[in-house]
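Step one of this worksheet: look at the structure below.
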Amino acid sequence: MLVEEQTKATERIKWWQEAKFGMFIHWGLYATLAKGEWVMAASKIPVKEYEQFATQFNPKEFNAKEWVGVAKRAGMKYIVITAKHHDGFAMYHSKVEKFNIVDATPFGRDPMKELAEECQKQGIKLCFYYSHVIDWHHPHSVHEYYNNTWDYNLEEKAFYNYWHNLAKPQIQELLTQYGDIGLLWFDTAGGLSKKDSKELVEFVRSFQPNCLINSRVSHWPNIGDYQSKGDNEIPMYGEDSGPWETPMTLNQSWGYSDRDQVWKTPESIIRKMVNIVSKGGNLLLNVGPTAEGIIPEKSVEVLEQAGEWIERNGEAIYGTNASPFPYELEWGAVTIKPSRMYLHVNNEKWSDQLKLFGLKNKVVKAYLLADSERRNLPITQSYTESIDHHVLGIDLPKDAPDQYISIIVLELEGNAQVDDQFMQQVSGSVNLDLVHAETAVEKNEKTAKWDFKITQPGAFDVVLVNFKKINTVWEDHYHEEVKVHIAGQELKTIPQEDQLIKDSPACQYPYSEVHSILGRVHLYDSGNNSLTLTCNKIQEKSFGTEIWQAEAVKLRSIKLVPVGKK
Ligand code: H79
């Protein structure tokens, strides 16, 4: 990219990177069936039959002011709403296709117009989701996998008939009828050529040069302004160098489902958001309103409770940068601003003293974000040259001052600088993420190698961390031995499902986090060490996002856990 273009791109995305938290809204004709947004394909409902649902779609309770109010109270800074999902039904007044909420329903209002006005009033950026490739209503849309073959014959489809006569004109409408649009959120681009993807980006820019475009505009890498992670995917520390976002469900569905009552708690939302923001990303959290036009009560309740925490702690969230540490911290997470570091401490890890390894700056002042008087917390800082080791200790009051997560502010001399090599944490654990390993393939063996620093030698359990998709049979995936080499010792074992981690901050439905204890090793000396893992689940970095949920088991990291400590 040219320097000038790069500067423009950086400027364009600034508001979004500062925003951190947005509301996703999946609302469409499918709400009338209350079985999620895939119901048309899942039940192979014929187009003629599906069109009939529009004659009963009358969301009289829809109230733009209330919806935008919910987003505001939750602390969200932008809204991304489905202007058209895969069912092809336009939730706005489209002049190019009658299959839309104004022309095809008794409702007759344009909710996008009402939302645009209300967002303007309440200071929230309005953004549209538009299903640009999948369209089960149109006879000529062609996707790599998900096509309407129950009404139409795949061989008779002429993609450009759809592309030029529906997709592009509708995208133009969305960019010209509703004022400034913050972002166009495209999805499932499978099969779209690189040329068409690039032309679409140019097409969007020709109407609104500042409108952001997510990476799912294309299945080719590096097109768009930021990386959309897979649905419900949270990456590892340092996995993404550019801007990125996790789209996430509040229960287990996107579009309204009357059967799904598995709601995340406010605490879980806060933890996931802090985890995401500390990795430099945005959270786009979904609600699925009903056919009456109501955001489910339970969603509103959870969002408002989470919003109260965010309101108190916004200084440590909005406009921050990612943690400079390349690994999960055992007590929570870190965000930074110029000359500042915020320590987000999980309340169950609250103790008399918090210790942090590896911060090189002098700490000028430490205080609780919850303390309006900013009283000094006593600190100690030390440096041991022989092992190049920085230690910060902060004395804490007896009780954690906030709900769920309490924040300590560190005012630093200069911008945060940390020892960015892998090292043992205060509890003695070492967390090694796959993204930072040196990987190699030799004679059909895949290996990953990490270097790290030990300051407290001893005995350690070696723990393999995987994410496992629901309904996966573990043994189908791990039936070969994995090997670990460390300090002249070797472990060889077939990983088992030893521990299931409930509500990990980085893992959620349809995955769960599984820990496998591979065996025990002894590290006798302080200093530098290395670990080599041999395992057929080691993967090259993948750039695809839509295929996130294609794999049943994903290897994430390996941990050394000191024996006798948890
Ligand atoms: O809009 C939401 C999803 O509808 C959309 N992305 C989020 C933001 C999405 N479109 N396609 N996919 C996700 C991937 C397809 C997944 C599938 Fe399935 C697995 C299709 C059929 C099996 C999910 C599970 C949908 C139906 C069952």
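Any read-out appearing in this document is the output of simple, stated calculations on the displayed coordinates, not a laboratory observation. Note that the structure is predicted; figures quoted are calculated from it, not measured. Cβ: placed from backbone, ideal geometry, glycine included. Neighbour counts: every protein chain shown.
Brief remarks on what is shown
- Of the beta bridges in the chain, as assigned by DSSP with both residues counted there, near 75 percent are antiparallel.
- Sites T384 and V563 - FRET efficiency at Förster radius 30 Å, r taken between beta-carbons, to 0.05: 0.80
- Here the mean projected area of the convex hull built on the C-alpha positions of the stretch 332-420 is 5.7 nm².
- Longest site-free stretch - the chain; sites: chymotrypsin sites (Phe, Trp or Tyr not before Pro), DSSP loop, at most 15 other Cβ within 10 Å: 151-523
- Calculated FRET value between Q6 and K194, using beta carbons and R₀ = 25 Å, to 0.05: 0.75
- Label-to-label distance, nm, for residues given as A487 and E292 (7 Å Cα→Cβ offset): 6.3 nm
- Between the stretch 383-459 and the stretch 12-72, the alpha-carbon center distance in angstrom: 42 Å
- Measuring nothing but alpha carbons in the chain and taking Rh as the Kirkwood radius, the Rg to Rh ratio lands at 0.99.
- Averaging Cα coordinates gives a centre for the stretch 272-322 and one for the stretch 195-249; these two points are 20 Å apart.
- Cα-based helix-to-principal-axis angle, 64-74 vs the chain, degrees rounded to 10: 0 degrees
- Test item: Cα-centred dipole of the chain, Lys/Arg +1 and Asp/Glu -1 on Cβ, debye: 540 debye
- In range of the label at K48: residues from the stretch 118-159 whose backbone nitrogen is under 17 Å from the point 7 Å along Cα→Cβ: 137-139, 149-153
- The calculated FRET efficiency for the pair D451 and E330, based on their C-beta separation and a Förster distance of 22 Å, comes to about 0.65.
- Seen against the Cα atoms of the chain and their longest principal axis, helix 3-12 is set at about 80 degrees.
- Equivalent ellipsoid semi-axes - Cα gyration tensor, the stretch 12-313, angstrom: 28, 23, 18
- Inter-label distance for E66 and K365, nm, one decimal - labels placed 7 Å from Cα along Cα-to-Cβ: 4.5 nm
- Mean Cα-pair separation over length for the stretch 430-562, i.e. relative contact order, pairs under 8 Å, 6 or more apart, %: 43 percent
- Rg and Dmax [Cα atoms of the stretch 465-510; Å; Rg one decimal, Dmax integer]: 13.3, 39
- Alpha carbon centroid spacing (whole Å) that separates the stretch 135-163 from the stretch 93-111: 22 Å
- Degrees separating the helix 266-278 axis from the principal Cα axis of the chain, which is the longest one: 80 degrees
- In the stretch 34-126, trypsin sites (Lys or Arg not before Pro) in a DSSP loop with at most 14 other beta-carbon atoms within 10 Å: K44, K60, K95, K98
- Kirkwood hydrodynamic radius of the stretch 76-221, from inverse mean 1/r over distinct Cα pairs, in Å: 15.6 Å
- Length gained on full extension, T439 to E540, computed as 0.36 nm times the residue gap minus the Cα-Cα distance: 35.6 nm.
- Distance between the modelled labels on D503 and N347, one decimal in nanometres: 1.1 nm (7 Å Cα→Cβ projection).
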